[in-house]
Structures are given as structure tokens and as C-alpha cells.
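Taking it in order: structure first as C-alpha cells, then the write-up.
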Amino acid sequence: MGVRLYNTASRSVQPFSPQDPGRVGIYACGPTLYGPAHIGNFRTFLFYDLVHRYLEWRGYGVHFVMNFTDVDDKTIAAARARGATLADHTLVYERQVVEEADLLGVRRFDVYPRATAYIGPMVALVERLLERGLAYTTPDGSVFFRIAAFPDYGALSGRDPGAARTGERVAGDDYGKEDGRDFALWKGIKEGDREAGAAWSAPWGEGRPGWHLECSAMALSEVGGTVDLHLGGEDLIFPHHEDEIAQSEGATGNPFVRHWLHAKHLRVEGRKMSKSLGNIVGVGTLLAEGVSAAALRHLLLSAHYRTELNFTEEGLKASRRAVDRLLDFDSRLLSHPVRSSGPESGVREASESALASFREALDDDLNIARGIAVLFGFVNRVNGRLDTHAVIGRAERDAACAALASIDEVLGLIEVGRRERRVDKELGDWIEERIEARRRARAAREWMRADAIRDELAAEGIVLEDGPAGTRWKMRQGRH
RNA sequence: GGCGCCGUGGCCAAGUGGUAAGGCAGAGGACUGCAAAUCCUCUAUCCCCGGUUCGAAUCCGGGCGGCGCCUCCA
């Protein structure tokens, strides 16, 4: 059947059909660098990561572009409040978000354009729109898009362009608009912009680009004529993406995007995350508190991207346990005794069917909840086999390892979890030494001494698992 | 007011016409020196009412409840 994805534009799930399967061009709206990213941002970024990883897993050649918005009202305001230049201010948060994304296992995308590096293309875009009569300048040096001249406006979000809002009161900086719905392509220079390094010259006057324009310019420059997949948070459908379509198609005359995907927002303890509620949760804060990155990844990834996800303390705990189960299985599989030949235990069959079911689940509009269920079903089945078969064939074991690794190429849970369990060589050697001492104590049936050693290790976060093939140990992950 | 989404066991969450995946939590059992890990068993008729159908959580109608966007917002 192939990959099927929901398309916001058609409001239905449809086959994913890139123009050129060999090079799928994807543009994702990235963070605005005014402050630290929060878990809501990261739910969206992890959704991007899923799209990225899954399409590559399915064999597509993916060219994935995620921008950084480093100039807009908020970044300028934040930079000015700190007395920093725009460039200095945004660099701080760019570094931070990249670092956090790495910690959560978000694979690096191909290109990260920063808006301020695309002023040229933006100016060119506006010039074309002016030529075509789709834009007009105002006395303060701003340029607005003329929505009345673009009949398709509203198609993505399902709005009637003619209705409502026309006669609305205009905001303070929007003097001169012909129509209340018209949006700014370029904002004429204002007090303080130049000092903050937020002013560029253009044929119609000095100023800075409008937010919507930035994404159009970067998408057209970095992805090309038509974007196969354009991703974003659900809040961007209107007006941001509607405006991107209007500008891009108005200027080029070509379809801008084939397929739109939007991730739903998350809630925190049942409530909307907002400044006024004071419940904005930063990823950096959580990680600093000792929350496991793998657990956080699991939680943010575990619900389908088009359903509301409720971020709770309890959910985080459940996710942590779930990831532990995966990691325990991973290490059990790797250390399970094998022989070169002999009767099959059923592990190979379980591996093959897990891979097929996983693909089926993810092909269906990235149904990750079902995909994760398939994974746990696999873990369960194989654990059962390992219980009843003290030794399995090497080829079977390898097949199971390969299946697990393959699925984790998409989920990245074991990938991130393993990192957190890793210990340095010195600690590792000490652990091995202690385990050997405990082994001797146990052999001598000196339980008190053996348990004292186990407690000693537990105090360092090391958990032991005795099995027929010896004792395995693991580093307990973060507090949550 | 306009557009849209959702309501499944204690919590989270799949399933969208054939009699309920998975994770967490809970109970009992097996294994273990004790643990840990693991396995087995048990725990829901799907917000309510009506309709369509041989058959509905799944379709239709009506309620009730929760939520999103419409303004900066992932």
C-alpha cells in the first residue's frame, strides 16, 4: 500500500506521493529563537524527527529543511530587553535548542536556514509580488499582501476569504492597510530596530521581513519549486501557512506544497500550556532535574501526532518504565547464549512479523501508538521464547537483534536510552570487580556479604540481574 | 458566531461494521538464597438516548461533557 499521510489541505489521509521519490523535499517550521524551547515545541520536533526517520527507513531520499526564525517581533523585543543584538540573542537559543534536540535523539536535519541569511530572496519575492499587483506599499515603508487579489486564500484552513474580519480594527503598526485581512510582507523600520541589528534595506525602504515571508523564501530557496511535505504545529495552519501559500504561489505561479502535516498541541497536567498559567515546561529544565531523555522522548512520541497529548508526571513515570523494559530486553537479547545450529525457537518468525506489522502501522499515517504496541508485542513474545529456550540459534538471535535495531532506527528509544545507561571505563571496571566479589560470596553462600555488595552498587545507581548465564548489570536512568 | 477535534479499563492509548492492541499501575502464581529481570493468569462491552444493520466502540440523528483554531504561539 505504501505510506499514507493525512493532508491538512484535503482533510483526509492520502497516499504520500513526492514529485520525485528519489529526493523528497521537506520543509518544517522551526523554532523562533526568542527564548528556550519548551516540551510543546519538542513534541513537534519529535514529530518532525519521526517523519524524517520513517521516510528514510522506507527508503526515500529525504532532503529535510528546518528553519530558525531569528528575526521577528518577539526576537527583537527579547534582544532589546536584554540589550543584546538580535544576532547574539538568537544564537544563544539556537545553540540551546540544537543541544536539547541532540539529547532527545532528534536526528540532524540536512539544512537549518536562518531567516536573516535570506533577506535577498525575501526582497526578490516581494518585488515579484509588487510587480504582479499582489502587494502594495504603505507610507511607513511597509509592504502588505493584497488578499483580495488572491482568490484561493483560505483554502488550506477552510476559511471563506470573503467573510468576516474585513472591517476589523487594525493594530497600531498596520496603518495604511487596504483590507483588515492583508498581512505584512515587510515591516517599515521602527525605533530601535537599527540598534538591535534588525534592519535591512530594500527598494521600498529600510525595515525587516514579515514572519510569513521568511518561511516562503527559505522553503523556496532550500527545498525548491514545490515542497513535497510541509510540517508545522497546528497553530500555524492559519494564518502562517495560509500566508506562505499566498506569497509563494502568488510570486511563482506554481503550487507551493503537495502535502501539509500539522502536529496537535500538547497539554500539561490537563491544562493548556501558557504563560498566564505559568505551566510552561522547558526541556532543559526537565533534563536538569534528572528526567530521563529517553523517557521524555517516549512520552512525547507515544501518542499519534494528530491527537492531543497530555504531559503528566505520571505519564513520564510510565514512559520511563516502558523504556526500561525495552532496554532490559535489548541487553537480555545481546547476552543470551547462542549456538551455531539447531532447531528454531520461533524467535526468527516473531522478528519477521514484527517488522512487517511495524511497517504496516507506520505506513498508516505514522500510527506510532500501534507501532509501539507491535514492538512491545515482539518483546513479549521473544522474552517468552528466551525463558523456555536457554540457548537459541545465533541466526535467530541476530534476526531479533536486527529487527529491534531496525525498529529503533525509527523510534530512537533504545538509541537514547543506551546513552543514558552508558558508564565510563573506570566505573565499569569497578562494577565488574564488585560483581565478581559478589559471585564469590554467593558461591560460598555468604548471602549477607553478597547483599551488601549489591547494596553498595545500588547506591551508585547500578541494578543487578542474576540469570542462568551470569549476572547482568544496568545503570538506572534518570530519576524519572 | 465561524471552522474543526475528542469522550475506550485506575492512568495513558490503539482499534472506525463482525463481538475490545500495547504501556503504566493493581491482584495471584512461576522462577530466585533474597532481589532484579522475565513468563503465566486475572481486571473494560467502549459518555448517554434513539436509529440503520443479521451484527456497531466503529455508520446516522439528538443530547451531555472536554478541547483547539479564528490574535503572537510548536
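The values are calculated or read from the model by the stated rules, or taken from the named source; none is laboratory data. Please read these numbers as outputs of a predicted model, since none were measured by experiment. When we count neighbours, we look across all protein chains shown, and the Cβ atoms used for this are built from the backbone with ideal geometry, even at glycine.
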(request) Within region A:14-32, track down each residue that is in a loop (DSSP other than H, G, I, E, B), more than 15 Å from RNA strand B (Cβ to nearest atom) and in contact (Cβ under 8 Å) with a residue 60 or more places away in the chain. (result) A:Phe16, A:Ser17, A:Pro18, A:Gln19
(message) So, in region A:332-390, exactly how many residues are near RNA strand B (Cβ under 8 Å from one of its atoms) and small (Gly, Ala, Ser)?
(response) 5
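Here's the yes/no breakdown for (1) under 23 Å from A:Asp102 (Cβ atoms); (2) surrounded by 14 or more Cβ atoms within 10 Å (Cβ to Cβ); (3) in contact with a Lys or Arg (Cβ under 9 Å, 6 or more places away or on another chain):
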{"residue": "A:Glu244", "(1), (2), (3)": "no, yes, no"}
{"residue": "A:Ser248", "(1), (2), (3)": "no, yes, no"}
{"residue": "A:His262", "(1), (2), (3)": "no, yes, yes"}
{"residue": "A:Arg267", "(1), (2), (3)": "no, yes, no"}
{"residue": "A:Lys272", "(1), (2), (3)": "no, no, no"}
{"residue": "A:Leu299", "(1), (2), (3)": "yes, yes, yes"}
{"residue": "A:His304", "(1), (2), (3)": "no, yes, yes"}
{"residue": "A:Leu326", "(1), (2), (3)": "yes, yes, no"}
{"residue": "A:Leu333", "(1), (2), (3)": "no, yes, yes"}
(request) Just need a number here: residues in region A:364-375 that are surrounded by 15 or more Cβ atoms within 10 Å (Cβ to Cβ) and in a helix (DSSP H, G or I). (result) 6
(message) Name the residue that is nearest to RNA strand B (Cβ to nearest atom), counting only residues in region A:224-240 that are more than 16 Å from the chain's Cα centre (by Cα) and surrounded by 24 or more Cβ atoms within 10 Å (Cβ to Cβ).
(response) A:Val227
(message) Of the residues A:Ser345, A:Ser341, A:Ser302, A:Ser335, only one is closer than 25 Å to A:Gly290 by Cα, at pLDDT below 95 and among the small types (Gly, Ala, Ser); which?
(response) A:Ser302
(request) Could you figure out which of (1) modelled with pLDDT of 95 or more; (2) at positive phi isn't true of A:Gly470? (result) (1)
(request) Go through region A:170-246 and tell me which strands (runs of 3 or more DSSP E), entirely inside it, have 2 or more residues that are touching a residue at least 60 places away in the same chain (Cβ under 8 Å) and under 30 Å from A:Gly22 (Cβ atoms). (result) A:227-233
(request) Would you point out which residue out of A:Glu308, A:Glu313 is at pLDDT below 95, under 26 Å from A:Arg53 (Cβ atoms) and within 12 Å of RNA strand B (Cβ to nearest atom)? (result) A:Glu308
(request) Go through region A:85-133 and give me each residue that's closer than 24 Å to A:Gly25 by Cβ and part of a loop (DSSP other than H, G, I, E, B). (result) A:Gly105, A:Val106, A:Arg107, A:Arg108, A:Phe109, A:Asp110, A:Tyr112, A:Pro113
(request) Of all residues in region A:248-299, count the ones that are aliphatic (A, V, I, L, M), more than 9 Å from RNA strand B (Cβ to nearest atom) and either in a loop (DSSP other than H, G, I, E, B) or touching a residue at least 24 places away in the same chain (Cβ under 8 Å) (or both). (result) 13
(message) Of the residues A:Gly412, A:Gly461, A:Gly417, only one is under 21 Å from A:Gly290 (Cβ atoms) and outside the structural domain of A:Glu352 (by TED's automatic domain parsing); which?
(response) A:Gly461
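Results for (1) crowded, with 19+ Cβ neighbours inside 10 Å; (2) under 23 Å from A:Leu103 (Cα atoms); (3) at pLDDT 95 or above, shown as yes or no for each residue.
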{"residue": "A:Leu362", "(1), (2), (3)": "yes, no, yes"}
{"residue": "A:Asn380", "(1), (2), (3)": "no, no, yes"}
{"residue": "A:Glu409", "(1), (2), (3)": "no, yes, yes"}
{"residue": "A:Arg422", "(1), (2), (3)": "no, yes, no"}
{"residue": "A:Glu446", "(1), (2), (3)": "no, no, yes"}
{"residue": "A:Ala452", "(1), (2), (3)": "no, no, yes"}
{"residue": "A:Glu460", "(1), (2), (3)": "no, yes, no"}
{"residue": "A:His480", "(1), (2), (3)": "no, yes, no"}
(request) Would you check if A:Leu91 is surrounded by 15 or more Cβ atoms within 10 Å (Cβ to Cβ) and within 12 Å of A:Thr32 (Cα to Cα)? (result) yes
